[in-house]
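Quick one: structure below, then a few questions.
The values are calculated or read from the model by the stated rules, or taken from the named source; none is laboratory data. The structure displayed is predicted, hence computed values, not measured ones. Cβ coordinates were reconstructed from backbone atoms using ideal geometry, including for glycine residues, and neighbour counts include every protein chain displayed.
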Amino acid sequence: MTDCRLYLVTPPALEPAAFAPQLAAALDGGDVACVQLRLKDADDDAVRRACDLLRPIAQARDVAFIVNDRPDLAAACGCDGAHVGQQDMSYAEARRLVGADAIVGVTCHDSRHLAMVAAEAGADYVAFGAFYPTTTKPSHYRPVPDLLQWWSELFEVPCVAIGGITPDNCGPLVAAGADFIAVVTGVWNHPDGPAAAVAAYNLAITRAG
């Protein structure tokens, strides 16, 4: 039995009112641990509007709702936490902005050192990727499943795998010890819709575990 769960990341651009039914459908399609709002190049008001409309959909289903890059807006909008990359801001600054009880996750690419630093500082999870080629957020980092196995055997802090992950290729990552599988395109661009996609990922996770 695997403990791995699904971690949804929103498309990089969306209209909140139009996206809300898609998010609700995805969350009703099966187990989801977390939704990360990742709006690139959106102004503060756009992020706030998205939080105000989408956060209640997630939280009503006991799904954590976090904001990428913007711990300040995450705190201001009543979200559950924030995710920061290596170029965004330090973990310490993100933690100061969201408070002691919120979630703070940190991108660590393929680096054991960055992950250990983040975990030692108090990060709630570390994210590794991109494991597979991806057009959502192209990356020259290409970790291998062994990294997840090493991490899960030595550290208590959960790890997230991200990057081009589909129901067909997630198995090795789940088996290696990923606590969460983060997905974007595989859910929102699924030909049968986001609910079917979430169901497919959950089935694949269960089979891999």
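Being at pLDDT 95 or above and in a helix (DSSP H, G or I) is the requirement here; does Ala58 meet it?
Values: at pLDDT 95 or above: yes; in a helix (DSSP H, G or I): yes.
For Ala58, the condition - at pLDDT 95 or above and in a helix (DSSP H, G or I) - is met.
Next question, about the same structure. Name the pairs whose Cβ atoms lie under 7 Å apart, with the first residue in the range 97-119 and more than 17 Å from Gln86 (Cβ to Cβ), the second β-branched (Val, Ile, Thr) and buried (at least 17 other Cβ atoms within 10 Å of the Cβ), and 6 or more positions between them or separate chains?
Sorted first by the residue in the range 97-119, then by its partner, the pairs are Val98/Val104; Ile103/Ile66.
Could you pull out the residue among Ser111, Ser90 that is touching a Phe, Trp or Tyr at 6+ places or on another chain (Cβ under 9 Å), polar (S, T, N, Q), more than 20 Å from Cys4 (Cα to Cα) and surrounded by fewer than 21 Cβ atoms within 10 Å (Cβ to Cβ)?
None of the others qualify; the one that does is Ser111.
For the range 120-163, how many residues are in a loop (DSSP other than H, G, I, E, B) and under 24 Å from Ser90 (Cβ atoms)?
Here is the first cut: in the range 120-163, the ones in a loop (DSSP other than H, G, I, E, B) are 122-124, 130-144, 155-158, 163.
Going one step further and asking which of them are under 24 Å from Ser90 (Cβ atoms), we end up with 122-124, 130, 137, 139-141, 143, 155-158, 163.
The qualifying residues number 14.
Output the number of residues of the range 183-198 satisfying the condition of being out of contact with any Asp or Glu (no Cβ under 7 Å at 6 or more places or on another chain) and under 10 Å from Gly30 (Cβ atoms).
Looking only at the range 183-198, we keep the residues that are out of contact with any Asp or Glu (no Cβ under 7 Å at 6 or more places or on another chain), and these are 183-194, 196-198.
Filter once more, so that each one left must be under 10 Å from Gly30 (Cβ atoms): 196-198.
Total satisfying the criteria: 3.
Quick one: Asp146 ticks every box in (1) surrounded by 15 or more Cβ atoms within 10 Å (Cβ to Cβ); (2) over 28 Å from Phe19 (Cα atoms) bar one, so which box is it?
(1)
Which residues, counting only those in the range 1-24, are part of a helix (DSSP H, G or I), surrounded by fewer than 17 Cβ atoms within 10 Å (Cβ to Cβ) and either touching a residue at least 24 places away in the same chain (Cβ under 8 Å) or in contact with a Lys or Arg (Cβ under 8 Å, 6 or more places away or on another chain) (or both)?
Filtering the range 1-24 down to residues part of a helix (DSSP H, G or I) leaves 16-24.
Keeping just the survivors that are surrounded by fewer than 17 Cβ atoms within 10 Å (Cβ to Cβ) gives 17-18, 20-21.
Correct list: Ala17, Ala20.
Which one of the conditions (1) farther than 25 Å from Pro12 by Cα; (2) in contact with a helix residue (DSSP H, G or I) (Cβ under 6 Å, 6 or more places away or on another chain) does Thr136 fail to meet, given that it meets all the rest?
(1)
Given Tyr125, Tyr132, which one is among the hydroxyl-bearing types (Ser, Thr, Tyr), in contact (Cβ under 8 Å) with a residue 24 or more places away in the chain and either closer than 16 Å to Val106 by Cα or touching a Leu at 6+ places or on another chain (Cβ under 6 Å) (or both)? Write out each step before concluding.
Working: Tyr132 fails: either closer than 16 Å to Val106 by Cα or touching a Leu at 6+ places or on another chain (Cβ under 6 Å) (or both).
Answer to the selection: Tyr125.
Follow-up. Within the range 164-190, count every residue that is among the aromatic types (Phe, Trp, Tyr) and assigned to a helix (DSSP H, G or I). I'd like the intermediate steps shown before the answer.
Looking only at the range 164-190, we keep the residues that are among the aromatic types (Phe, Trp, Tyr), and these are 180, 188.
Now drop any that are not assigned to a helix (DSSP H, G or I), which leaves 188.
Result for the range 164-190: 1.
I'd like the residue in the range 26-47 that is surrounded by fewer than 17 Cβ atoms within 10 Å (Cβ to Cβ) and in a helix (DSSP H, G or I) and, out of all such residues, is nearest to the chain's Cα centre (by Cα).
Filtering the range 26-47 down to residues surrounded by fewer than 17 Cβ atoms within 10 Å (Cβ to Cβ) leaves 28, 31, 40-41, 43-46.
Filter once more, keeping what is in a helix (DSSP H, G or I): 28, 44-46.
On the way: Asp28: 18, Asp44: 21, Asp45: 22, Ala46: 20 Å.
Among them, the one singled out is Asp28.
Here is a further query. Could you list, ordered by first residue, the pairs with Cβ atoms under 9 Å in which the first is in the range 193-206 and surrounded by fewer than 21 Cβ atoms within 10 Å (Cβ to Cβ) and the second is modelled with pLDDT under 95, at least 6 apart or interchain?
Thr206/Met1; Thr206/Thr2
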